[in-house]
Amino acid sequence: MKILIGLLCLSFSFSILADTRSITLVNYETDGVKQWLPGTVIVKKGDDVEITLINNTPSGIHGFFIPDFGVKKEVKKGVKEVVKFKADKDGLFQMKCHMHPAHVGGQLLVLP
Ligand SMILES: [Cu+2]
């Protein structure tokens, strides 16, 4: 009986883990061009998404903003930040720095 309960708990844990997508993005700067890399994040609709952000640019603080999911975080150089959200709609969505518009662009693809 204990083995059966253990197996049930184990399979339940795996089912939770299967729905969580974790990824780390690093902000690099080359010749004045700043980019969160990888620049495209792909998840599935319904996933719990956890993105760790590391700012490695010499120019200092930059933002990470996904307007369609209400994600907005300022990331200081050398300070790791984590954002979490539920990918509750499918489509292609913009990721960008909200502090210095028109740079640090990227995209979030949520598969149906
Ligand atoms: Cu910026």
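Output the residue which, of all residues in region 63-112 that are at positive phi and part of a loop (DSSP other than H, G, I, E, B), is modelled with the highest pLDDT. Lay out the reasoning, then the answer.
Here is the first cut: in region 63-112, the residues at positive phi are 70, 78, 91, 102, 104.
If we keep only those that are part of a loop (DSSP other than H, G, I, E, B) as well, we get 70, 78, 102, 104.
Numbers: Gly70: 97, Gly78: 88, Ala102: 61, Val104: 70.
Result: Gly70.
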Residues of region 13-59 that turn out to be touching a strand residue (DSSP E or B) at 6+ places or on another chain (Cβ under 7 Å), open to solvent by 80 Å² or more (accessible area, probe 1.4 Å) and at pLDDT below 90, as a count: 2
Is one or more of the residues making up region 79-97 near the ligand (Cβ under 9 Å from one of its atoms) and open to solvent by less than 50 Å² (accessible area, probe 1.4 Å)? yes
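Taking the conditions exactly as written (touching a Gly at 6+ places or on another chain (Cβ under 6 Å), under 29 Å from Pro112 (Cβ atoms) and of a type in the set (Gly, Ala, Ser)), does Gly46 satisfy them or not?
Values: touching a Gly at 6+ places or on another chain (Cβ under 6 Å): no; under 29 Å from Pro112 (Cβ atoms): yes; of a type in the set (Gly, Ala, Ser): yes.
So Gly46 does not fit the description; no.
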Candidates Val75, Val79 - the one that is over 13 Å from Lys34 (Cβ atoms) and of a type in the set (Val, Ile, Thr): Val79
Residues in region 60-67: is at least one open to solvent by 40 Å² or more (accessible area, probe 1.4 Å) and more than 16 Å from the ligand (Cβ to nearest atom)? no
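The values are calculated or read from the model by the stated rules, or taken from the named source; none is laboratory data. Remember, predicted model here, so these are calculated numbers, not experimental data. Positions of Cβ are generated from backbone atoms using ideal geometry, with glycine treated the same way; all protein chains shown enter the neighbour counts. Calculation scope for accessible area: heavy atoms of the full protein, side chains included, ligands and nucleic acids excluded. Shrake-Rupley method; radii C 1.70, N 1.55, O 1.52, S 1.80 Å.
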